[in-house]
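Worksheet: one structure, shown below.
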Amino acid sequence: MNEGVHPYGQKFVNENTCPVCQGSGKQVTKSCAVCSGKKVTTKLEKVKIKIPEGLPDGNIIKIPNFGDEPVTGAPSDLEATII
């Protein structure tokens, strides 16, 4: 937490998430060998998308639940823009 005084005399407090425990209140002594403690992994996948014939440039095709997946929650949608 950083404290300071605004130029007009008001006091302000700036709270930040702890860079060590990421706000969990716990410190890991040994990181995961797969994700290195990041809680997520990255993998490259090929995706086949059926594009309707004659679809104009600028249209977006959404593929549900195929995008990035947050640490908690469901994966987002993958969006492909026609160019």
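Taking amide H atoms as placed 1.01 Å from N in the peptide plane, the amide H of LEU78 lies under 5 Å from those of ILE63, ASN65, PHE66, GLY67, each 5 or more residues away in sequence or on another chain. Excluding GLY23 itself, calculate the net charge of residues whose Cβ lies under 13 Å from the Cβ of GLY23, where each Lys or Arg counts +1 and each Asp or Glu counts -1. Taking every Cβ under 13 Å from that of GLY23, the sum is +1.
Cross-link partners of LYS46 among aspartates and glutamates, defined as those whose alpha carbon lies under 16 angstrom from its own and excluding same-chain residues fewer than eight positions apart: ASP68, ASP77, GLU79. Taking a straight Cα-Cα cut-off under 18 Å and skipping sequence neighbours fewer than 8 places away in the same chain, the lysines within cross-link reach of LYS50 are LYS62.
Values in this text are rule-based calculations from the coordinates and carry no lab data. Note that the structure is a prediction, hence the values are computed from the model and not measured. Counting neighbours? That spans all protein chains shown, and the Cβs are built from the backbone with ideal geometry, glycine included.
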